[in-house]
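Chemist: One structure, as structure tokens, below. Some questions next.
The values are calculated or read from the model by the stated rules, or taken from the named source; none is laboratory data. From a predicted model like this one, the values you see are computed outputs, not experimental measurements. Note that each Cβ is placed from the backbone with ideal geometry, even for glycine, and that neighbours are counted across all protein chains shown. SASA here: full protein model, heavy atoms, side chains in, ligands and nucleic acids out. Shrake-Rupley method; radii C 1.70, N 1.55, O 1.52, S 1.80 Å.
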Amino acid sequence: MESFFSRFKNPLVLIALVLLQVLALAVQVQRPGNGLDGGADGRRVAKLRGWSIAGVVPVERAMHGSSMKVRGVWENYVDLRDARRENAALKQDVDRLREEQAAFAEDAAQGRRLQALLGFKEQYVTSTVAAQVIGTSGSERSKVLTLDKGAADGLKPDDAVITPDGVVGKLRDVYPHSSQLLLLDDPTSGAGVILASTRIRGILRGTATGGVEINNLTADARIKPGEKVVTSGGDMVYPRGLPVGVIASIAPDPTHQPYTAIVVKPMANLARLEEVLVITGTSSTMTPGMAKDAAAAEQTAEANQKAADLSAERLPSLHADAPVTAGAVTGGVAGAPVVSDDAESQVGVVPGIPNSGLPKPKPVVHPDRFSVGAAGPADLLQPGGSASGLMRDDPTVAKPKADGQGGPQME
Amino acid sequence: MEHSYTSRQEMDKYGFNPGVTLLAPLVCLLLQAAMPKTFPWLLHVDLPLIVTIFFAVSRRSPIAGAVTGTVIGLFQDGLTNHPFGVDGIANGVVGYIAASVGFAVDVDNLVNRILLVFTLSLVQDGVLYVIAHWLLGDVTYRALPLQELIGAAANCVVAVPMFAVLDRFRTRD
């Protein structure tokens, strides 16, 4: 017996190590909250994982801090060089966004009224915590990032994590001063989504290849590449209406018939995350700040509407009940106000305001000496001289031919 | 002709300072966790696997190789969202095989080192596939041959200079 153990000592040790870990795996998998479904681990496993993370986080934090300092010096220099140009561009953007905000405010107000009528509970993001990504899992198969904020900052497991571009994932395990972010493209990740234009609901999942797919929908001709995907709020993790991505491709799923594999390109760049926002609070009512913004936007929208009404009153061509002359008709139905989309056919047109200019005269079919432009430039005219001579020399004016073509014709 | 009674295992067996034994895997684990944030392509490289292979072939003790691989793998599991034991088993098996192969081939030879790292990287992928499919029943886990070949090649590229650096810390037992 002794010789057996001494002879097979090496393989026996390996078998013992493997068996122990297989048992540990079995225990972890059988317990609810085993972490395989993207949820948090059990208490003991979370403690073990916490020790591993605690060993790594201080070093990651130090490395991140030093790299940020080096990068900061360089970026400050680059930023200063382009600051003036960027500032001008940003001011233009702010003006444009104000206009857009005012335009959306009325729709939003109407939406809120309808939601109130239907008893629908909207979720507003009331509080967020900004966190920095300081590390990764170090494995291609595990799309997990380490954040520098934890329970001490008010974070909890299953808190949604976003960037200004869109949703990136949710918190998996939260430790006192750090947390693990499970990205959308991890195979254990999932999110309830809705297709923005068709309003079809689906479940978004990460794939083994690092992609993101909706694979619980059957073929539907209405679903097209390019359609936006937003969170549905049905998973109780991600608040409703957050942008997730756009549909990149749709193909039959050979391993999962009769469903289709709808590949979604996330809005946020999941491979290059630096800073994220963790949503720590939502509410069914708007925060005072949001209410103030909405009120300001509504006021701007009302002011814009008044200005538009005033312009409409002063411009006779914009009256809906104005008689439509045959010569002015460029399209549309008889009796309706004529609106020309051709901006070049109008003089003094203001971008964004239809029919804000005056109609341009139609080109002359048979020019004669009385036609506009036939007299030639004013500096060639002589006091008391005839304009007809100029007309004869002007090559732009068609001259009557011997056969009668090209000149004025009697009808 | 003079005969030596020292076996090849004894001749080529190396030891390490305890500090190096502890620090080298730790540094590799930290770099593996921190670097891909800045350089995402580094996720193709598996530094903990390379250091497992290095210690296993240098010590030429299958038990030490399996234990070292298991400990490093369990630490890796702690940083991922995998259950504890997935990387532990895979790296333990790799450490055992690396030490066993170390008896048969000259692991100081550059070509042998490259072949060893390339083959063992693929072995690790195979073990991970078996664990995911048979033990965990994870149907989403798929074999990605191209990705695994790229990973194995990347490991070879990194392993050559890394072995050369670590060679300086070994002492003959």
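Chemist: Condition first: more than 15 Å from A:THR260 (Cα to Cα) and not acidic (Asp, Glu). Can you find one or more residues in segment A:215-227 that meet it?
Modeler: Yes, segment A:215-227 has at least one match.
Chemist: Then there is this: B:GLY78 - would you say it is touching a Ser or Thr at 6+ places or on another chain (Cβ under 6 Å) and either open to solvent by 10 Å² or more (accessible area, probe 1.4 Å) or closer than 30 Å to A:HIS64 by Cα (or both)?
Modeler: yes
Chemist: Further question on the same structure: Just checking, which of B:ALA66, B:ALA99 is touching a Leu at 6+ places or on another chain (Cβ under 6 Å), over 21 Å from A:SER137 (Cβ atoms) and either buried (at least 17 other Cβ atoms within 10 Å of the Cβ) or at the interface with chain A (Cβ under 7 Å from one of its Cβ atoms) (or both)?
Modeler: That would be B:ALA66, the only listed residue that is touching a Leu at 6+ places or on another chain (Cβ under 6 Å), over 21 Å from A:SER137 (Cβ atoms) and either buried (at least 17 other Cβ atoms within 10 Å of the Cβ) or at the interface with chain A (Cβ under 7 Å from one of its Cβ atoms) (or both).
Chemist: Select from segment A:61-87 the residues that are open to solvent by less than 60 Å² (accessible area, probe 1.4 Å) and hydrophobic (A, V, I, L, M, F, W, C) and write down the one among them that is nearest to A:ALA131 (Cα to Cα).
Modeler: Taking the candidates together, the pick is A:VAL78.
Chemist: Are any residues in segment A:137-149 in contact with a strand residue (DSSP E or B) (Cβ under 6 Å, 6 or more places away or on another chain) and closer than 26 Å to B:ASN91 by Cα, and if so, which ones?
Modeler: Within segment A:137-149, A:SER137, A:LYS143, A:VAL144, A:LEU145, A:THR146 qualify.
Chemist: Give A:ILE214, A:ILE194, A:ILE203 a once-over and let me know the one that is surrounded by fewer than 18 Cβ atoms within 10 Å (Cβ to Cβ), assigned to a strand (DSSP E or B), at negative phi and modelled with pLDDT of 90 or more.
Modeler: The unique qualifying residue is A:ILE203.
Chemist: Under 9 Å by Cβ, and 6 or more places apart or on different chains, what pairs join a residue from segment A:17-30 that is closer than 18 Å to B:TYR96 by Cβ and within 7 Å of another protein chain (Cβ to nearest Cβ) with one that is polar (S, T, N, Q) and open to solvent by 50 Å² or more (accessible area, probe 1.4 Å)?
Modeler: As it stands, the answer is none, since no pair meets every condition given.
Chemist: If a residue has to be in contact (Cβ under 8 Å) with a residue 12 or more places away in the chain and more than 9 Å from chain A (Cβ to nearest Cβ) to count, how many in segment B:32-63 make the cut?
Modeler: 13
Chemist: If you don't mind, there's one more thing I want to ask. Take segment A:250-268 and flag every residue that is open to solvent by less than 50 Å² (accessible area, probe 1.4 Å) and either among the hydroxyl-bearing types (Ser, Thr, Tyr) or outside any strand (DSSP E or B) (or both).
Modeler: Listed by number, the residues that qualify are A:ASP253, A:THR260, A:ALA268.
Chemist: If A:ILE247 passes every condition in (1) at pLDDT 90 or above; (2) surrounded by fewer than 17 Cβ atoms within 10 Å (Cβ to Cβ) but one, which one does it miss?
Modeler: Checking A:ILE247 against (1) at pLDDT 90 or above; (2) surrounded by fewer than 17 Cβ atoms within 10 Å (Cβ to Cβ), the one that fails is (2).
Chemist: Sticking with this one: What strands (runs of 3 or more DSSP E) lie completely within segment A:57-167 and have 1 or more residues being modelled with pLDDT under 90 and touching a Gly at 6+ places or on another chain (Cβ under 9 Å)?
Modeler: A:124-136
Chemist: Contact list please: Cβ distance under 8 Å, first residue in segment A:264-278 and within 13 Å of another protein chain (Cβ to nearest Cβ) and touching a residue at least 40 places away in the same chain (Cβ under 8 Å), second residue open to solvent by 60 Å² or more (accessible area, probe 1.4 Å) and outside any strand (DSSP E or B), pairs at least six apart or on different chains.
Modeler: That search, which allows pairs on different chains as well, returns A:ASN269/A:ASP165.
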